[in-house]
Structure formats: C-alpha cells, structure tokens
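Undergrad: Handing you a structure now.
The values are calculated or read from the model by the stated rules, or taken from the named source; none is laboratory data. Given the structure is predicted, the values throughout are model-derived calculations rather than measurements. Glycine also receives a Cβ, built like all others from the backbone with ideal geometry; neighbour counts cover every protein chain displayed.
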Amino acid sequence: MVTTGLLVRLEAQHGREGELEDLLRSAQALVAQEPATSAWFAVRFGRLEYGIFDAFPDEAGRQAHLAGAVAAQLMGPGRQLLARDPQIQRLSVLAHKLPQGTQADLVVTRGLLLTFKAKQGHEPQVEQFLRDAQALVEREPGTTAWFALHLEHGEYGIFDVFPDNMARLSHLSGQVPRELTKHALSLLGSVPDMDMLQVLAACFSATAR
C-alpha cells in the first residue's frame with residue numbers, strides 16, 4: 001500500500017546531461033536500501049529536463065527519503081550539475097498498481113505523466129474516477145506500474161511506466177484514456193498536460209504490495 005509521493009523536477013546544466021543521468025542511475029542502489037520507499041523512478045522529460053517520481057506507504061517513509069542519501073547527493077555533489085534548485089512537489093496517491101515479480105524482473109524504459117485540474121466542485125468525482133481506473137489498469141499486462149495522484153495546487157494526475165514504447169502506445173489507446181476523454185467536459189477544469197518520459201532507472205520494494 002502506498003499513500004504519499006514526491007515528484008521532483010530537475011534541470012541539467014547545459015552540457016552536463018550525461019553526468020546527471022549517471023548520478024540518477026547510481027541513485028538506484030541507494031534507494032534499494034530504503035525499506036520505506038515503495039517505488040522510485042528516475043526519468044527524462046526532455047533535453048535538459050529530468051525528474052524523479054517516488055511513492056511511500058506513509059509520511060514517515062517520505063520524510064525518511066527526503067533526509068536520505070539520494071537527497072543528500074542531489075543537494076550536495078549533484079547540485080553543480082543543475083541549472084537551478086530541484087522543484088519538489090508533495091502528492092497523495094489515490095490508487096496504484098505496483099510492479100509484479102521481483103526487482104530483477106523490472107524492465108521499464110518508457111513512462112507517462114498526465115496532469116490536469118478538476119472542474120470546480122467536481123473534485124470528489126475526479127478522485128472517484130481515478131480510483132475506479134485502477135481496476136482497468138490491472139488488466140493491462142503492459143502497464144508495469146500506475147499511480148493516480150492528487151498534487152499540490154488542486155491538480156490531479158497519473159504517472160505510469162512501461163517496458164517499451166509499444167506497451168505505452170497500447171495504454172494510450174486503452175480504456176482509461178477513452179473514459180477520461182468521455183468525461184473530460186463534465187469533470188475536468190483544464191486540458192490535460194501530457195509528458196512522454198524516458199525511464200532511466202527504477203526501483204521498488206516487493207513488500208509494498
């Protein structure tokens with residue numbers, strides 16, 4: 001079970017993208033030693049934009065991670081690789097699908113981040129829609145992990161990862177996006193923003209399921 005998370009956005013110094021990617025990949029070994037970090041993904045948004053998404057069973061797990069070795073690396077030696085301070089968003093996890101199998105079986109290379117606002121007064125319906133979507137995603141073998149989110153500033157979102165681009169395309173043509181499109185006019189207060197992500201590294205705790 002996971003209930004809380006973090007979305008961290010990182011902007012690399014021009015010309016130091018490779019060093020930042022190496023740092024993010026090396027952080028996987030540190031995260032593996034954090035029993036209260038249920039899932040962790042290092043991603044690339046674009047040429048200079050990177051990020052980390054992670055999820056935790058409770059606030060104590062999130063605080064332990066923020067005080068841990070990965071944060072120390074980013075704010076210590078890794079800070080020189082960044083164009084500005086990391087942007088950290090705290091979030092609640094409304095529903096989730098965690099990877100099956102073991103860490104050794106985990107192969108993910110692609111991801112999606114969808115963010116949107118609920119139409120004013122329709123927040124409960126949006127949250128229920130996201131919770132209900134979990135059952136649909138559980139039937140998608142190519143969707144390795146999926147998280148429905150309540151972010152800061154009244155935003156909602158979905159973060160999910162896939163083994164390859166074909167699995168991501170299959171999800172995008174599946175039932176959850178169709179249902180979201182069907183109810184967009186009645187539930188959503190903004191056009192969803194969608195980021196197509198490259199997953200650089202991933203880690204999850206088998207005890208989280």
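Undergrad: Checking the condition in a helix (DSSP H, G or I) and touching a Gly at 6+ places or on another chain (Cβ under 8 Å), which residue from 20, 7, 74 passes?
TA: Every option except 20 fails the conditions.
Undergrad: All but one of (1) assigned to a helix (DSSP H, G or I); (2) touching a helix residue (DSSP H, G or I) at 6+ places or on another chain (Cβ under 7 Å) hold for residue 60, so report the exception by its number.
TA: Of everything listed in (1) assigned to a helix (DSSP H, G or I); (2) touching a helix residue (DSSP H, G or I) at 6+ places or on another chain (Cβ under 7 Å), residue 60 misses just condition (2).
Undergrad: Taking residue 167 as meeting all but one of (1) in a strand (DSSP E or B); (2) surrounded by 17 or more Cβ atoms within 10 Å (Cβ to Cβ); (3) not hydroxyl-bearing (Ser, Thr, Tyr), write down the number of the exception.
TA: Failed condition: (1).
Undergrad: Next up: Taking residue 107, is it surrounded by 18 or more Cβ atoms within 10 Å (Cβ to Cβ), among the β-branched types (Val, Ile, Thr) and outside any helix (DSSP H, G or I)?
TA: no
Undergrad: Please find, among 147, 116, the residue that is of a type outside the set (S, T, N, Q), touching a helix residue (DSSP H, G or I) at 6+ places or on another chain (Cβ under 9 Å) and touching a residue at least 40 places away in the same chain (Cβ under 8 Å).
TA: None of the other options fit; the residue is 116.
Undergrad: Please pick out the residue among 24, 6, 91 that is modelled with pLDDT of 95 or more, crowded, with 17+ Cβ neighbours inside 10 Å and either over 18 Å from the mean Cα position of the chain (by Cα) or over 18 Å from residue 203 (Cβ atoms) (or both).
TA: 91
Undergrad: Scan 127, 179 and give me the residue that is modelled with pLDDT of 95 or more, farther than 23 Å from residue 42 by Cα and surrounded by 14 or more Cβ atoms within 10 Å (Cβ to Cβ).
TA: It is 127.
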